[in-house]
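Before any comments, here is the structure.
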Ligand SMILES: [Zn+2]
């Protein structure tokens with residue numbers, strides 16, 4: 001462990017030195033290029049009415065100097081960007097700045113801070129600790145978007161949460177401020193996803209009983225909004241409060257137990273399974289709870305630190321389970337909706353709960 005750390009630090013501090021060397025080399029190569037470009041890029045001075053030679057020279061120099069400096073600056077900027085985007089290497093956990101330190105069981109393969117959104121988005125195509133997190137939600141988002149289009153844009157908010165989460169994981173390495181802002185958006189997205197998945201389920205399950213439907217919908221909206229408000233506090237996204245975070249989302253999800261019980265008692269178990277799609281919703285709940293549990297406990301990387309740096313870390317498993325659970329939910333709600341709009345699903349006096 002200690003030898004690993006030592007080598008990690010050596011690697012981390014070695015990289016910038018070699019970068020500096022290549023920087024100066026490349027700058028030296030760029031020198032003549034800059035001059036050439038500077039000359040080419042200069043606008044030809046406007047034709048002047050007869051002027052004395054020293055006067056002309058003086059004017060050209062006044063015009064060209066700032067322009068040359070401007071071109072040189074532009075080139076330098078372009079060059080720095082090129083180096084910045086193309087040359088970065090993954091770094092070990094120990095050398096990450098504090099605001100990028102999230103999971104100390106992932107020992108290697110982290111992105112360095114990259115204060116350019118372009119570089120962050122380009123890093124989607126590189127292999128590092130966030131690659132799996134980025135792609136699981138990006139693909140989830142695309143699938144939901146297709147599903148939304150296929151089902152004639154049935155109103156659903158599912159695709160919003162993977163979108164927020166994808167943004168967060170992509171730009172997380174940008175800077176402390178950006179990572180903090182997007183982690184809030186990520187947490188709010190999860191709360192919105194849970195709340196959004198409750199709304200259609202409660203609406204169609206208690207289709208014929210407006211009073212409990214109103215009460216449950218109000219409760220879930222109040223709880224969901226509270227979770228979103230809590231997610232805006234800076235401490236909420238810190239690694240120290242990982243358990244609190246998982247607890248808030250779990251609590252929000254588990255608030256569904258009361259309406260589920262109500263439904264099973266009021267209808268009966270068989271009807272709850274067939275018409276109420278309870279089997280699907282239970283599977284969804286199991287997936288969410290497993291995902292949140294793995295996320296909070298950081299399993300499996302906790303037992304094998306350094307072995308799940310790139311693939312199969314708890315966060316990725318959590319992502320996959322969330323996307324799969326949301327699909328199951330979509331299927332369950334579609335069946336429930338179909339039933340309610342069908343011949344047997346309408347409300348009669350004796351069907352009122
Ligand atoms: Zn995530």
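The values are calculated or read from the model by the stated rules, or taken from the named source; none is laboratory data. What you see is a predicted model, and the numbers here were worked out from it, not measured in a lab. FYI the Cβ positions are ideal-geometry reconstructions off the backbone, even for glycines, and counts take in every protein chain you see.
Go through region 254-268 and give me each residue that's in contact with a helix residue (DSSP H, G or I) (Cβ under 8 Å, 6 or more places away or on another chain) and at pLDDT below 85.
Hits for region 254-268: nothing passes.
So which residues in region 322-332 are surrounded by 22 or more Cβ atoms within 10 Å (Cβ to Cβ), under 15 Å from residue 280 (Cβ atoms) and within 15 Å of the ligand (Cβ to nearest atom), if there are any at all?
Within region 322-332, 325, 326 meet the criteria.
Among the residues of region 311-333, are any free of Cβ contacts under 8 Å to residues at least 40 places away in the same chain and farther than 24 Å from residue 190 by Cβ?
Checking region 311-333: not a single residue is free of Cβ contacts under 8 Å to residues at least 40 places away in the same chain and farther than 24 Å from residue 190 by Cβ.
For residue 293, are the conditions met, namely being touching a helix residue (DSSP H, G or I) at 6+ places or on another chain (Cβ under 9 Å) and more than 27 Å from residue 164 (Cβ to Cβ)?
Numbers: touching a helix residue (DSSP H, G or I) at 6+ places or on another chain (Cβ under 9 Å): yes; more than 27 Å from residue 164 (Cβ to Cβ): no.
No: the conditions fail for residue 293.
Kindly indicate which of 96, 150 is touching a strand residue (DSSP E or B) at 6+ places or on another chain (Cβ under 8 Å) and without any contact (Cβ under 8 Å) to a residue 24 or more places away in the chain.
96
Looking only at residues in region 165-177 that are touching a residue at least 40 places away in the same chain (Cβ under 8 Å) and either assigned to a helix (DSSP H, G or I) or within 15 Å of the ligand (Cβ to nearest atom) (or both), which one is surrounded by the most Cβ atoms within 10 Å (Cβ to Cβ)?
Ranking the qualifying residues of region 165-177, first place goes to 165.
Looking at region 106-127 only, could you name the residues that are within 16 Å of the ligand (Cβ to nearest atom) and surrounded by fewer than 21 Cβ atoms within 10 Å (Cβ to Cβ)?
Of everything in region 106-127, just one residue is within 16 Å of the ligand (Cβ to nearest atom) and surrounded by fewer than 21 Cβ atoms within 10 Å (Cβ to Cβ), namely 124.
Is there a residue in region 200-222 that is part of a helix (DSSP H, G or I), surrounded by 21 or more Cβ atoms within 10 Å (Cβ to Cβ) and within 21 Å of the chain's Cα centre (by Cα)?
For region 200-222, residues part of a helix (DSSP H, G or I), surrounded by 21 or more Cβ atoms within 10 Å (Cβ to Cβ) and within 21 Å of the chain's Cα centre (by Cα): absent.
Which condition does residue 181 not pass, out of (1) within 16 Å of the ligand (Cβ to nearest atom); (2) touching a residue at least 40 places away in the same chain (Cβ under 8 Å); (3) surrounded by fewer than 17 Cβ atoms within 10 Å (Cβ to Cβ), if it passes all the others?
Condition (2) is where residue 181 drops out.
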